[in-house]
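J.: Okay, here's the structure, questions in a sec.
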Amino acid sequence: MLHRGFRRGLSPLLAIIIGLIIVIVAGILLSQLYFSYASTISARPACSIEYVDLVAHPDGSGTLVINLKNTGNIRIVWLWLDGSNIGSCYRYPYTTAYGGNTNIPPGSTGSMRCTINSGITPGTVYTATLRVRFEDDSMQQYSIAARARSL
(Lines give C-alpha, C1' and ligand atoms only; values in the text may rest on other atoms or scores of the structure.)
Protein backbone atom coordinates (compact mmCIF):
# COMPACT_ATOMS: atom_id res chain seq x y z
CA MET A 1 0.00 0.00 0.00
CA LEU A 2 1.27 3.39 -0.94
CA HIS A 3 0.78 6.36 1.27
CA ARG A 4 0.11 9.79 -0.02
CA GLY A 5 3.25 11.91 -0.25
CA PHE A 6 5.54 8.89 -0.18
CA ARG A 7 7.98 8.76 -3.10
CA ARG A 8 10.36 6.00 -3.95
CA GLY A 9 13.91 6.97 -4.93
CA LEU A 10 17.47 5.74 -4.80
CA SER A 11 18.72 4.65 -1.50
CA PRO A 12 21.31 7.01 0.00
CA LEU A 13 23.96 4.26 -0.10
CA LEU A 14 23.44 3.63 -3.82
CA ALA A 15 23.59 7.37 -4.53
CA ILE A 16 26.92 7.65 -2.68
CA ILE A 17 28.38 4.68 -4.60
CA ILE A 18 27.36 6.15 -7.97
CA GLY A 19 28.82 9.52 -6.97
CA LEU A 20 32.13 7.92 -5.97
CA ILE A 21 32.35 6.04 -9.27
CA ILE A 22 31.82 9.28 -11.20
CA VAL A 23 34.49 11.10 -9.15
CA ILE A 24 37.03 8.26 -9.56
CA VAL A 25 36.52 8.01 -13.34
CA ALA A 26 36.82 11.80 -13.71
CA GLY A 27 40.04 11.75 -11.64
CA ILE A 28 41.56 9.02 -13.79
CA LEU A 29 40.72 10.89 -17.00
CA LEU A 30 42.17 14.16 -15.69
CA SER A 31 45.37 12.48 -14.48
CA GLN A 32 45.89 10.83 -17.89
CA LEU A 33 45.40 14.19 -19.58
CA TYR A 34 47.88 15.85 -17.21
CA PHE A 35 50.55 13.19 -17.66
CA SER A 36 50.24 13.23 -21.45
CA TYR A 37 50.87 17.00 -21.42
CA ALA A 38 53.67 16.66 -18.88
CA SER A 39 55.49 14.05 -20.97
CA THR A 40 55.23 16.26 -24.05
CA ILE A 41 56.57 19.27 -22.18
CA SER A 42 59.39 17.30 -20.53
CA ALA A 43 60.67 15.70 -23.76
CA ARG A 44 64.45 15.93 -23.60
CA PRO A 45 66.51 14.95 -26.64
CA ALA A 46 70.14 14.55 -25.57
CA CYS A 47 73.13 12.32 -26.17
CA SER A 48 76.77 12.27 -25.22
CA ILE A 49 79.72 11.05 -27.24
CA GLU A 50 81.45 8.32 -25.24
CA TYR A 51 84.50 7.90 -27.47
CA VAL A 52 85.83 8.46 -30.97
CA ASP A 53 88.49 6.15 -32.42
CA LEU A 54 90.19 6.52 -35.80
CA VAL A 55 92.46 3.70 -36.95
CA ALA A 56 94.76 4.37 -39.93
CA HIS A 57 95.53 1.34 -42.10
CA PRO A 58 98.88 0.94 -43.94
CA ASP A 59 97.24 1.56 -47.34
CA GLY A 60 96.01 5.06 -46.29
CA SER A 61 92.44 4.01 -45.57
CA GLY A 62 90.91 4.24 -42.13
CA THR A 63 88.12 3.12 -39.84
CA LEU A 64 86.31 5.63 -37.66
CA VAL A 65 84.17 4.41 -34.76
CA ILE A 66 81.96 6.72 -32.72
CA ASN A 67 80.19 5.46 -29.62
CA LEU A 68 77.40 7.56 -28.16
CA LYS A 69 74.92 7.25 -25.33
CA ASN A 70 71.33 8.46 -25.47
CA THR A 71 71.11 10.46 -22.23
CA GLY A 72 67.70 11.96 -23.02
CA ASN A 73 64.23 10.46 -23.03
CA ILE A 74 63.61 10.42 -26.80
CA ARG A 75 64.78 7.67 -29.18
CA ILE A 76 67.67 8.44 -31.60
CA VAL A 77 66.67 7.53 -35.15
CA TRP A 78 69.29 9.03 -37.47
CA LEU A 79 73.04 9.73 -37.43
CA TRP A 80 75.03 11.67 -40.04
CA LEU A 81 78.77 12.37 -39.94
CA ASP A 82 80.45 14.83 -42.30
CA GLY A 83 84.10 15.84 -42.25
CA SER A 84 86.41 17.71 -44.62
CA ASN A 85 89.05 14.98 -44.96
CA ILE A 86 86.99 11.94 -44.00
CA GLY A 87 83.88 12.34 -46.16
CA SER A 88 80.36 11.42 -45.10
CA CYS A 89 78.97 8.50 -43.17
CA TYR A 90 75.40 7.92 -42.04
CA ARG A 91 73.00 5.58 -40.33
CA TYR A 92 69.31 5.70 -41.11
CA PRO A 93 66.47 4.62 -38.80
CA TYR A 94 64.96 1.19 -38.39
CA THR A 95 66.95 -0.54 -41.09
CA THR A 96 69.98 -2.77 -41.36
CA ALA A 97 71.18 -0.93 -44.47
CA TYR A 98 73.79 1.84 -44.23
CA GLY A 99 75.61 0.53 -41.18
CA GLY A 100 72.89 -1.01 -39.06
CA ASN A 101 69.89 -0.13 -37.00
CA THR A 102 70.15 3.42 -35.65
CA ASN A 103 67.26 2.96 -33.27
CA ILE A 104 68.97 3.91 -29.97
CA PRO A 105 66.44 3.98 -27.10
CA PRO A 106 66.82 6.30 -24.10
CA GLY A 107 69.56 5.14 -21.74
CA SER A 108 71.17 2.88 -24.35
CA THR A 109 74.50 3.11 -26.11
CA GLY A 110 75.01 2.81 -29.85
CA SER A 111 77.91 3.08 -32.23
CA MET A 112 78.58 4.24 -35.75
CA ARG A 113 81.33 2.74 -37.90
CA CYS A 114 82.63 4.58 -40.95
CA THR A 115 85.10 3.28 -43.53
CA ILE A 116 87.34 5.96 -45.04
CA ASN A 117 88.85 4.96 -48.37
CA SER A 118 92.00 7.09 -48.46
CA GLY A 119 93.93 10.03 -47.03
CA ILE A 120 94.32 8.90 -43.41
CA THR A 121 97.77 9.45 -41.91
CA PRO A 122 98.70 8.25 -38.39
CA GLY A 123 99.17 11.13 -35.93
CA THR A 124 96.99 13.57 -37.86
CA VAL A 125 93.90 15.05 -36.19
CA TYR A 126 90.72 14.92 -38.25
CA THR A 127 87.57 16.88 -37.44
CA ALA A 128 83.96 16.27 -38.38
CA THR A 129 80.41 17.22 -37.51
CA LEU A 130 78.00 14.62 -36.15
CA ARG A 131 74.29 15.33 -36.58
CA VAL A 132 71.88 13.36 -34.40
CA ARG A 133 68.14 13.30 -35.17
CA PHE A 134 65.63 12.21 -32.56
CA GLU A 135 62.20 10.62 -32.93
CA ASP A 136 60.45 13.97 -32.34
CA ASP A 137 62.33 15.39 -35.39
CA SER A 138 64.62 17.54 -33.26
CA MET A 139 68.29 17.55 -34.24
CA GLN A 140 71.53 18.19 -32.38
CA GLN A 141 74.95 18.79 -33.83
CA TYR A 142 78.30 17.86 -32.28
CA SER A 143 81.86 18.65 -33.36
CA ILE A 144 84.27 15.77 -33.01
CA ALA A 145 88.02 15.46 -33.40
CA ALA A 146 90.03 12.25 -33.65
CA ARG A 147 93.76 11.65 -33.89
CA ALA A 148 94.47 8.79 -36.27
CA ARG A 149 96.40 5.94 -34.72
CA SER A 150 98.10 3.09 -36.54
CA LEU A 151 97.13 -0.54 -36.15
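The values are calculated or read from the model by the stated rules, or taken from the named source; none is laboratory data. Keep in mind it's a predicted model, so treat the numbers as computed, not measured. For neighbour counting, all protein chains shown are included, and Cβ atoms are generated from backbone atoms with ideal geometry for every residue, glycine included.
J.: Test each condition in (1) modelled with pLDDT of 80 or more; (2) surrounded by 15 or more Cβ atoms within 10 Å (Cβ to Cβ); (3) in a loop (DSSP other than H, G, I, E, B); (4) not polar (S, T, N, Q) for Leu54 and report the one that comes out false.
T.: Going through (1) modelled with pLDDT of 80 or more; (2) surrounded by 15 or more Cβ atoms within 10 Å (Cβ to Cβ); (3) in a loop (DSSP other than H, G, I, E, B); (4) not polar (S, T, N, Q) one by one, Leu54 breaks only (3).
A quick yes/no check of all residues on (1) on the phi < 0 side of the Ramachandran plot; (2) at pLDDT below 90; (3) under 16 Å from the mean Cα position of the chain (by Cα):
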site: Asn101; (1), (2), (3): yes, yes, yes
site: Ser111; (1), (2), (3): yes, yes, yes
site: Ile116; (1), (2), (3): yes, yes, no
site: Tyr142; (1), (2), (3): yes, no, yes
site: Arg147; (1), (2), (3): yes, no, no
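J.: Next question, about the same structure. May I ask you to verify whether Ala46 is touching a residue at least 60 places away in the same chain (Cβ under 8 Å) and under 20 Å from Ile74 (Cβ atoms)?
T.: On the way: touching a residue at least 60 places away in the same chain (Cβ under 8 Å): yes; under 20 Å from Ile74 (Cβ atoms): yes.
Against the criterion (touching a residue at least 60 places away in the same chain (Cβ under 8 Å) and under 20 Å from Ile74 (Cβ atoms)), Ala46 qualifies.
J.: Go through Ile21, Ile74 for me and flag whichever is of a type in the set (Val, Ile, Thr) and in a helix (DSSP H, G or I).
T.: On the way: Ile74 fails: in a helix (DSSP H, G or I).
Exactly one of Ile21, Ile74 is of a type in the set (Val, Ile, Thr) and in a helix (DSSP H, G or I), namely Ile21.
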